[in-house]
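Encoded as structure tokens, the structure appears first; notes follow it.
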Amino acid sequence: MGYGEEVDSGHARLHELGYKQELKRDLSVLSNFAFSFSVVSVLTGLNTLMGTGLNFGGPVSYVYGWLIAGAFTLFVGMSMAEICSSYPTSGGLYYWSAKLAGPSWAPFASWITGWFNIVGQWAVTTSVDYSLAQLVQVIILLSTGGLNGGGYQASKYVVIALHAGILLLHALLNSLPISWLSFIGQLAAAWNVLGVFLLMILIPMVATERASAKFVFTNFNTVNEDGINNKLYIFVLGLLMSQYTLTGYDASAHMTEETKDADKNGPKGIVSAIGISILAGWAYILGITFAVTDIPHLLDKNNDSGGYAIAQIFYDVFKSRYGSGVGGIVCLSVIAVAVFFCGMSSLTSNSRMAYAFSRDGAMPYSSFWHKVNKHEVPLNAVWTSAFIAFCMALTSLGSLVAFQAMTSIATIGLYIAYALPILFRVTLARKSFTPGPFNLGSYGIIVGWVAVFWVALISVLFSLPVAYPITDQTLNYTPVAVVGLVILVVSSWIFSARHWFKGPITNIGNSSEEA
């Protein structure tokens, strides 16, 4: 190190943990935050699941549900940030579990956390890009006259082809050097922030009819075609929109090996992404809800958008004011760009997780996944993750109901992976955990237990039936999929991995080798 050269604390900490620096450390705290903020993407989750929120509870469900989910998510994020500060590696959650569970439990803890994390990430990438394909289809439908005006309604095969094209673009973008991705990530964060404020002001301002403040803050929609009448049950199901949106902030952890001073900036990225998303999301919810005046009409499968709630809101607002819904279609395009950025950042995070997991030998053909090109980009992990996301979306061709469970699987799978290292932190490592620069002090244990409680609760809630009577078309496949994943992960451990997987392994030959 030359005279006057600044010491990167994250680089030094990575070396202490036994890893040689292989990825280019170009990301600032702003860039690290941008990746998580783009994956959380208020405009993605709140808009693609607006129909769910309206159907299960309406304004009360998502106005207050957002604040409840946001508050508890902040507990989860703060606990994760504290651990990230101590262990700033691309492996993130599975590495944390290994270190916190202790030597005897480390391999199994690492194995199960890692697989829940990566499968959850694949499900997120799949659901985000498929949601974008559906949104593009709705934009085309409205642009060609709408459902009642002879508009073009794409088949499920066209939608899956759009999904494939979107994944291809995301894989190409993720093949660029990290400096380029950093710029795109910051652009994505700016687009999300500006898009939120543009739409939350523009839509109610253009609307010729506006909801009253009483409607926005007190209306509770109990009318649905799903056979559910219990108000608490309805409210719980409406929470999915909020909790699904508030996922993916582990991207900051997976990008730490490419972030300057990662032991400080990685945790800041996690917490700030959640905090700013909560504020921006609530403001957006309030703004859009003032333009909601007829919930049954917005959810009607025979309306111009085919029942796509947010599209119908925008379309109706501009059509009632100007006699044409073109302005609404333009606003939908703003959302589509945000969803595109969300999918791109999701694949970035996904590929870094696969890169790190394979570095420790946990993935089949690990040497293939772990390869880094001349630009220090894990190219094979990028393209293979995109391919897996495409394969997961193929379930939509057989049953859209089964595919829709991806939303819940993505939420539950990721949150289980979030909760496991936190659980180990407050139990097995309660006295041995050594905090980094970002820490919660004496509140760490309390915050951790609240986070674990919340994850356990939503894992049960989002496994409940969403329609009655229960048939093969109304069954909530989430618990089936999650239990299936548990069986696969645990059985692969018992019959194979326990004999060879030893948890995270260092890539430094000896302690004196330069990282």
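The values are calculated or read from the model by the stated rules, or taken from the named source; none is laboratory data. None of these values were measured; they are calculated from a predicted model. Virtual Cβ from ideal backbone geometry, glycine too; neighbours counted across all protein chains shown. Surface accessibility is based on the protein's heavy atoms, side chains included, excluding ligands, DNA and RNA. Shrake-Rupley method; radii C 1.70, N 1.55, O 1.52, S 1.80 Å.
Annotations for the structure displayed:
- The stretch 485-499: number of residues that are out of contact with any Pro (no Cβ under 9 Å at 6 or more places or on another chain), among the small types (Gly, Ala, Ser) and surrounded by 12 or more Cβ atoms within 10 Å (Cβ to Cβ): 1
- Residue in the stretch 402-420 that is loosely packed, with under 15 Cβ neighbours inside 10 Å and either farther than 30 Å from residue 178 by Cα or out of contact with any strand residue (DSSP E or B) (no Cβ under 8 Å at 6 or more places or on another chain) (or both) present: no
- Applying the set (1) more than 29 Å from residue 74 (Cα to Cα); (2) without any contact (Cβ under 8 Å) to a residue 12 or more places away in the chain; (3) outside any helix (DSSP H, G or I) to residue 494 leaves exactly one unmet item: (3).
- Residue check for residue 296: in a helix (DSSP H, G or I), of a type outside the set (Phe, Trp, Tyr) and open to solvent by less than 20 Å² (accessible area, probe 1.4 Å): no
- Filter pass, residue 248 being at pLDDT below 95, within 30 Å of residue 458 (Cβ to Cβ), part of a helix (DSSP H, G or I) and open to solvent by less than 20 Å² (accessible area, probe 1.4 Å): no
- Pair list, Cβ under 7 Å, 6 or more apart: the stretch 358-370 residue closer than 19 Å to residue 498 by Cβ, other residue among the aromatic types (Phe, Trp, Tyr) and modelled with pLDDT of 80 or more: 361/501; 362/111; 362/501; 363/357
- Complete set of residues in the stretch 473-484 that are of a type outside the set (A, V, I, L, M, F, W, C) and either open to solvent by less than 40 Å² (accessible area, probe 1.4 Å) or within 20 Å of residue 410 (Cβ to Cβ) (or both): 474, 476, 477, 478, 479, 484
- Selected residue (only one of 168, 176, 172 is hydrophobic (A, V, I, L, M, F, W, C), surrounded by fewer than 18 Cβ atoms within 10 Å (Cβ to Cβ), without any contact (Cβ under 8 Å) to a residue 12 or more places away in the chain and over 30 Å from residue 493 (Cα atoms)): 172
- Each residue in the stretch 36-89 was checked for being closer than 11 Å to residue 285 by Cα and under 13 Å from the mean Cα position of the chain (by Cα), and 3 of them qualify.
- Annotation note: Cβ proximity below 9 Å between a residue of the stretch 461-476 that is in contact (Cβ under 8 Å) with a residue 12 or more places away in the chain and more than 15 Å from residue 243 (Cβ to Cβ) and a residue that is aromatic (Phe, Trp, Tyr) and surrounded by fewer than 14 Cβ atoms within 10 Å (Cβ to Cβ) (sequence gap 6+ or interchain) occurs for 474/468.
- For residue 184, the test of being more than 21 Å from residue 284 (Cβ to Cβ) and in contact with a helix residue (DSSP H, G or I) (Cβ under 7 Å, 6 or more places away or on another chain) is passed.
- One residue stands out in the stretch 104-144 among those that are free of Cβ contacts under 8 Å to residues at least 60 places away in the same chain and under 26 Å from residue 327 (Cβ atoms): the one that is surrounded by the most Cβ atoms within 10 Å (Cβ to Cβ), namely 133.
- Evaluated against (1) at pLDDT below 90; (2) over 23 Å from residue 236 (Cβ atoms); (3) surrounded by fewer than 19 Cβ atoms within 10 Å (Cβ to Cβ); (4) not hydroxyl-bearing (Ser, Thr, Tyr), residue 469 falls short on exactly one condition, (2).
- Any pair with Cβ under 6 angstrom, 6 or more apart, that starts in the stretch 225-250 at a residue that is under 17 Å from residue 478 (Cβ atoms) and ends at one that is polar (S, T, N, Q) and modelled with pLDDT under 85: 243/411; 244/407; 244/411; 247/411
- Residue match in the stretch 196-211 (condition: open to solvent by 10 Å² or more (accessible area, probe 1.4 Å) and farther than 19 Å from residue 311 by Cα): no
- Residue tally, condition open to solvent by less than 10 Å² (accessible area, probe 1.4 Å), out of contact with any Asp or Glu (no Cβ under 6 Å at 6 or more places or on another chain), assigned to a helix (DSSP H, G or I) and not acidic (Asp, Glu), over the stretch 42-94: 28
- Flag for residue 291 being on the phi < 0 side of the Ramachandran plot, in a loop (DSSP other than H, G, I, E, B) and open to solvent by less than 30 Å² (accessible area, probe 1.4 Å): yes
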